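Scroll down for the structure; my scribbles are underneath it.
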Amino acid sequence: MLITKKEREFVYNEIFRVGILVVRKNKKNSSEKEKNKIESAVIIKLLKGLLSKGLVAETFSWKVYYYTLNDKGINFLRNFLNLPSTVVPLTYKKPVLAVK
């Protein structure tokens, strides 16, 4: 399967931005394909590659893959995307509570 650099960077940016990626296991995803222009099979193959390197954790339930980024994966994606060490995924940020 040929995956373009643009698709790879988009998927890596998305998983790094949020810290978790949810992908449905279906061949024909019309609504999702129109939203992000990348087929779910391509996303699954990219994340399976990260899984084999031990950079993400995978959970599969009811035809849905859940990929969670771990610390080793964060460091790998920081180097790949040329991001500073101060940038972290949203799941790693602590919520700011409003003081009244």
Counting Lys and Arg as +1 and Asp and Glu as -1, each charge on the Cβ, what is the dipole of the chain about the Cα centre in debye, to the nearest 20? 140
Let a ≥ b ≥ c be the square roots of the eigenvalues of the Cα gyration tensor of segment 52-91; is it rounded (a/c under 1.5), or, if not, prolate (a/b larger than b/c) or oblate? prolate
Which FRET efficiency, nearest 0.05, do Ala41 and Asn79 yield, Cβ-Cβ r, R0 35 Å? 0.85
Computed [θ] at 222 nm, helices only, for the chain once each DSSP H run of length n ≥ 4 contributes -39500 (n - 2.57): -13500 deg cm²/dmol
Past 24 Å, Cα to Cα: identify those pairs from Lys25/Lys72; Lys5/Lys93; Lys72/Lys94; Lys37/Lys72; Lys6/Lys53; Lys6/Lys94, in the order given. Lys25/Lys72; Lys5/Lys93; Lys37/Lys72; Lys6/Lys94
Suppose R0 equals 25 Å; then what is the FRET efficiency for Leu2 and Ser52 from their Cβ-Cβ distance, rounded to the nearest 0.05? 0.85
What order do Lys100, Lys25 take when sorted by accessible area (1.4 Å probe), most exposed first? Lys100, Lys25
Among (i) -0.30, -1.24; (ii) -0.30, -1.45; (iii) -0.24, -1.44, the entry derived from the coordinates for log10 I(q)/I(0) by the Debye sum over Cα atoms at q = 0.10, 0.25 Å⁻¹: (ii)
Solvent-accessible area per residue for the chain at a 1.4 Å probe radius, Å²? 73
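The values are calculated or read from the model by the stated rules, or taken from the named source; none is laboratory data. These figures come from a predicted structure and were not determined experimentally. Every residue, glycine among them, receives a Cβ derived from its backbone with ideal geometry; neighbour counts consider all protein chains shown. Accessible surface is based on the protein model in full, side chains and every heavy atom, while ligands, DNA and RNA are left aside. Shrake-Rupley method; radii C 1.70, N 1.55, O 1.52, S 1.80 Å.
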